[in-house]
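The next block holds one structure in the form of structure tokens; read it before the comments.
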Amino acid sequence: MFDFGFWELALILIISLIVLGPERLPSFATQFGMFIKKIKDFANNIKTSVENESRMKDLKKIIEDQKEELSEFEKKIDSDEK
């Protein structure tokens, strides 16, 4: 997702430690982690919904094709009987 190296993460940690202080850093990290988890869950739910809609559209097309084939087959049988 993001291409962070060791030195970038170390710099972010040092700045966070200076800005937030050692007392508030653990609670901030916990809240930030929960926020990231919610974002990932939301993205996964959207991805799943889109995939399901795509599958449903494909299934509807298959059903329509089968109905058309069945209709053609019934017409052929009716014309052969006459």
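Taking the number of Cβ atoms within 10 Å of each Cβ as an exposure proxy, the fewest-first ranking of Glu53, Glu81 is Glu81, Glu53. Among (i) 25.3, 72; (ii) 15.7, 47; (iii) 28.6, 91, find the value of Rg and Dmax of the Cα atoms in Å that was calculated from the structure presented, and write down its label. Read-out taken from this structure: (iii).
Label positions at Val19 and Glu72, each projected 7 Å from the Cα along the C-beta direction, are separated by 6.5 nm.
With a Förster radius of 30 Å applied to the C-beta separation of Glu8 and Asp65, the computed FRET efficiency comes to 0.05. Think of segment 1-67 as a dipole: +1 on every Lys or Arg Cβ, -1 on every Asp or Glu Cβ, centred on the Cα centre; then among Leu20, Ile36, Gln66, Gln66 lies furthest on the positive end. Its DSSP H runs of at least 4 residues, each contributing -39,500 (n - 2.57), put the calculated 222 nm mean residue ellipticity of the chain at -35500 deg cm²/dmol, to the nearest 500.
Extension gain for the segment Phe32 to Ser49, taken as residue separation times 0.36 nm less the Cα-Cα distance, is 3.5 nm to one decimal.
FYI, it's all coordinate maths here, none of it is from the lab. Just so you know, these numbers come straight off a predicted model, no measurement behind them. Using ideal geometry, Cβ is built from the backbone for each residue, glycine included, and neighbour counts are taken over all protein chains shown.
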